[in-house]
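Contents: one structure, followed by commentary.
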Amino acid sequence: MAATLAYRTGCPHVSKRGLEEIGADVFDVPVSLGTIAHLEAHMSQALEQPHAEALAAVRAAKVRNVEETSWKRSGKRCWLWLAATQTVAAFVIHARRGLEGLVALLGERVQGWVGSDRWSVYAAIPAECRQICWAHLKRDFQKRIDRGGADAWGALLAGAFAHCFDEDADVPAVSVMLRKIDASKIQDDPDALVIFFKTALTTGWDCPRAEVMMSFRKAVDDTLIAQLVGRMVRTPWRGRWRAMISSTV
């Protein structure tokens, strides 16, 4: 009963009078307003350590998604911040929607990747650590499609993302479908702008118009690493990014 009453005061924002009524009508246990206040304090204390552990887990994660939304606390507007991984979600209630709130959620120094929308405060996250939410990008493209099919950016969504996996069918990736494309046909397919590989990139694939290549795969084999780096260095457009290529490679 204590957990239920504490939950209903924190999430559905039931008043203490309402909780007093639930205690009597649902649980057949009369509780005073003072007892309810004591239950809230006790529950907050009990959750303090698990909350700290959840916050530490999302801060240390390699990838997490973040979001914020308006919230009310004691009748005053504040902000509910969320950081979530595949296994952990941590919430922080903060008075600000700005950088102070983001720091309270992720800490002073961001580690790993952060997925977010385009709210301006997220620009404080280093670009190399940030991924714009694909669902938001998809909506942006759809808006352009709705304005008129001739819009090139809107049409981009239909075929921009593709894969060269062994699977012959399209592959879902979050909210985007990756269409199947043969590696030999990428060079002549102007709609293909973002290609996902497993090993084809290191085994002789060639695409002169490729501009950016990066690997998420953890590799320990020296030959595989050398093949991948060699492919990146030999791409014709590498000159644009020469400053980013280490001379020790």
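Evaluated against (1) buried (at least 16 other Cβ atoms within 10 Å of the Cβ); (2) modelled with pLDDT of 90 or more; (3) not assigned by TED's automatic domain parsing to the domain that holds LEU106, LEU80 falls short on exactly one condition, (3). Of all residues in segment 103-119, those being at pLDDT below 95 and within 16 Å of SER70 (Cβ to Cβ) number 2. Looking only at segment 65-85, decide whether some residue is in contact (Cβ under 8 Å) with a residue 12 or more places away in the chain, closer than 28 Å to MET1 by Cβ and β-branched (Val, Ile, Thr). Taking every residue of segment 65-85 in turn, none turns out to be in contact (Cβ under 8 Å) with a residue 12 or more places away in the chain, closer than 28 Å to MET1 by Cβ and β-branched (Val, Ile, Thr). For segment 2-42, which residues satisfy the criterion of being at pLDDT 85 or above and at positive phi? ASP28 - this is the single residue of segment 2-42 that is at pLDDT 85 or above and at positive phi.
Only one residue in ALA37, ALA6, ALA54 is in a helix (DSSP H, G or I) and surrounded by fewer than 14 Cβ atoms within 10 Å (Cβ to Cβ), so which one is that? Step through it out loud before you land on a result.
Details: ALA6 fails: surrounded by fewer than 14 Cβ atoms within 10 Å (Cβ to Cβ); ALA54 fails: surrounded by fewer than 14 Cβ atoms within 10 Å (Cβ to Cβ).
Checking each option against the conditions leaves just ALA37.
Could you grab me the full set of residues in segment 165-181 that are part of a loop (DSSP other than H, G, I, E, B), on the phi < 0 side of the Ramachandran plot and loosely packed, with under 12 Cβ neighbours inside 10 Å? Those that are part of a loop (DSSP other than H, G, I, E, B), on the phi < 0 side of the Ramachandran plot and loosely packed, with under 12 Cβ neighbours inside 10 Å: ASP166, GLU167, ASP168, ALA169.
Being out of contact with any helix residue (DSSP H, G or I) (no Cβ under 6 Å at 6 or more places or on another chain) and assigned to a loop (DSSP other than H, G, I, E, B) is the filter; apply it to segment 110-124 and report the residue that is surrounded by the fewest Cβ atoms within 10 Å (Cβ to Cβ). The residue in question is ARG118.
In the set (1) in contact with a helix residue (DSSP H, G or I) (Cβ under 8 Å, 6 or more places away or on another chain); (2) in the same structural domain as GLU128 (by TED's automatic domain parsing); (3) not aromatic (Phe, Trp, Tyr), SER74 fails one condition alone, (1).
The values are calculated or read from the model by the stated rules, or taken from the named source; none is laboratory data. Since we're looking at a predicted model, the values are computed, not measured. Because the Cβ atoms are built from the backbone with ideal geometry, glycine has one as well, and the counts that use them run over all protein chains shown.
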